[in-house]
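Student: I am attaching a structure below and will ask some questions about it afterwards.
Nothing in this text is a laboratory measurement; each read-out follows from the coordinates by a stated rule. Keep in mind the model is a prediction, meaning the values are calculated, not measured. Every residue, glycine as well, gets a Cβ built from its backbone with ideal geometry; the counts of neighbours run over all protein chains shown.
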Amino acid sequence: MVKKVAILTNGGDAPGLNAVIRAIVKTAETNGVECYGYIEGYKGLLTNNYVKLESKGNASGLLHRGGTIIGTSNNTNVFNLKVEENGQTVYKDMSEKCIENIKEAGFDCIFTLGGDGTQKSARDFSLRGVNVIGVPKTIDNDVADTDITFGYNTAVSVATEALDRLHTTAESHHRIMVLEVMGRYAGWIALESAIAGGADACLIPEIPYDINKVVEKINQRRKDGKDFSIVVVSEGAKPIDGEIVVKKKLDDGKGLDNIRLGGIGEKVASDLEELTGLTSRNTVLGYVQRGGTPTSYDRVLSSKYGVKAMKLAMEGVFNVLVNYHEGKMGYVSLEDVVGNNKEIGTASSNIRTVKMDDDLIKTAKSLGISLGE
């Protein structure tokens, strides 16, 4: 029987994190389980920084709040931590210190709320005897073995609203309006918002694009009397004869994604202006997609995830990721989530991308949205 559990939120913030925390805490309290939260994700696990969470206290009023009340970190890989020793940068495995902290605190289970990188570390901890249960969080919707992650619906809703607003400017000024959205190496946000927002073209990482195909679409619209166009571009999109556009290369440490994407929207806008003669403008939606109030869908989904995670802990089911598949909450082994990359301390290479037989691809094509093919 679990009596004492802890939650950590790691990686980029996402709408719904607080709703998951709330659901875990409420379910825990109903069953006589104490609940705590590590401050700033795996960093808090290493520094042994945690607080007690109570639904009548600091964990109250969380359902509608964005972000995370216990903070997060996206640059702390405790299995391969970048540290300074004697004036030199070295990498050390600090996981044993984390495990000591967990044992001393008496936690029976650690809930890891995060994306593929967070769950890779969760799996690595599970191999060293820690009871962990992962909850898939990312607006990118790219965590393996689950149909949808919490935070994604809110991000799509924000992107769709942005497209609605860009439509009015595009039509008024007879322009091409490009919207660059997040998603890393998966095109879920771009594709779904393009469909919802009535875009004319959508460029995603899974389909290297031919800019001339987009030009053809725009020129056809002009022949049809439409002298403006809307183009959605995922930050990880790339041309058939080029590479992804990297805004900055980071040095956060080994086993982390040290590439910050950004700039492909500006490139697409510039190329389209040159090739069509139409004025083109790019808008980068950026962190607006990750912040603020979660949608009702994400509030409900987050609540389902939190309740299911706590129930699994009470049932003694550990070292799994809570997932949502075919309309039902379930779970899958963290080993399956990690995929082929089994080495401890390395980054996960198993992400969920858009497949060419996905209904979103079929829908986009049927609606005449150019995918740059």
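Student: If I model the chain as equal point scatterers sitting on the Cα atoms and use the Debye formula, what is log10 I(q)/I(0) at q = 0.12 Å⁻¹?
Tutor: Debye intensities relative to I(0), on a log10 scale: -0.87.
Student: When only alpha-carbon atoms are used, what values of Rg and Dmax, in angstrom, describe region 44-138?
Tutor: According to the Cα coordinates of region 44-138, Rg and Dmax are 14.9, 47 Å.
Student: Something else: So between residue 4 and residue 296, what do we pick up on full extension, going 0.36 nm a residue minus the alpha carbon distance?
Tutor: Numbers: separation 292, 0.36 × 292 = 105.12 nm, distance 3.00 nm.
Gain in length upon complete extension: 102.1 nm.
Student: I would also like to ask the following. Go ahead and collect, in residue order, the members of region 176-206 whose backbone nitrogen is under 13 Å from a label point 7 Å along the Cα-Cβ direction of residue 279.
Tutor: It comes to 176-177, nothing else.
Student: Next question, about the same structure. Please grab the % of Cα pairs in region 174-244 that end up more than 16 Å from each other.
Tutor: In whole percent, the share of Cα-Cα pairs in region 174-244 beyond 16 Å is 46.
Student: Then there is this: Provide Rg and Dmax in Å for region 272-367, with only Cα atoms included in the calculation.
Tutor: 19.8, 63
Student: Can you give the three extents of the C-alpha atoms in region 34-100 along their principal axes, from longest to shortest, in whole Å?
Tutor: Ordered largest first, region 34-100 gives principal extents of 46, 25, 16 Å.
Student: Of the listed pairs 97/120; 120/304; 103/328; 3/97; 267/342, which have alpha-carbon separations greater than 25 Å here?
Tutor: 103/328; 267/342
Student: Which FRET efficiency value, to the nearest 0.05, do you get for residue 93 and residue 247 by plugging their Cβ-Cβ distance into 1/(1 + (r/R0)^6) with R0 = 30 Å? Kindly include the intermediate steps, with their values, before the conclusion.
Tutor: Numbers: r = 30 Å, r/R0 = 1.01.
About 0.50, to the nearest 0.05.
Student: Please rank 226, 43, 362, fewest neighbouring Cβ atoms within 10 Å first, as an exposure proxy.
Tutor: Neighbour counts put them in this order, fewest first: 362, 226, 43.
Student: 222 nm [θ] for the chain, helices only, -39500 (n - 2.57) per DSSP H run of 4+, per residue, to 500? Each step should come with its number before you reach the end.
Tutor: Values: 11 runs with 133 residues, N = 373.
Only helices count here, giving -11000 deg cm²/dmol.
Student: Please turn the phi angles of region 206-215 into ³J(HN,Hα) values with the Karplus equation 6.51 cos²θ - 1.76 cosθ + 1.60 (θ = phi - 60°), one per residue in order, whole Hz, x for glycine and proline.
Tutor: Listing the rounded values in order: 6, 10, x, 9, 9, 4, 5, 5, 5, 4 Hz.
Student: Within 10 Å of each residue's Cβ, count the other Cβ atoms and sort 348, 370, 172 from fewest upward.
Tutor: Details: 348 21, 370 25, 172 9.
Result, fewest neighbours first: 172, 348, 370.
Student: Could you give the length gained on full extension between residue 56 and residue 168, defined as 0.36 nm per residue of separation minus the Cα-Cα distance, in nm? Mind dumping the intermediate values first?
Tutor: Details: separation 112, 0.36 × 112 = 40.32 nm, distance 4.58 nm.
Separation in residues times 0.36 nm, less the Cα-Cα distance, equals 35.7 nm.
Student: Would you kindly state how much longer the chain becomes between residue 105 and residue 128 on full extension, computed as 0.36 nm times their sequence separation minus their alpha carbon distance, in nm to one decimal?
Tutor: Between residue 105 and residue 128, full extension yields 6.6 nm more.
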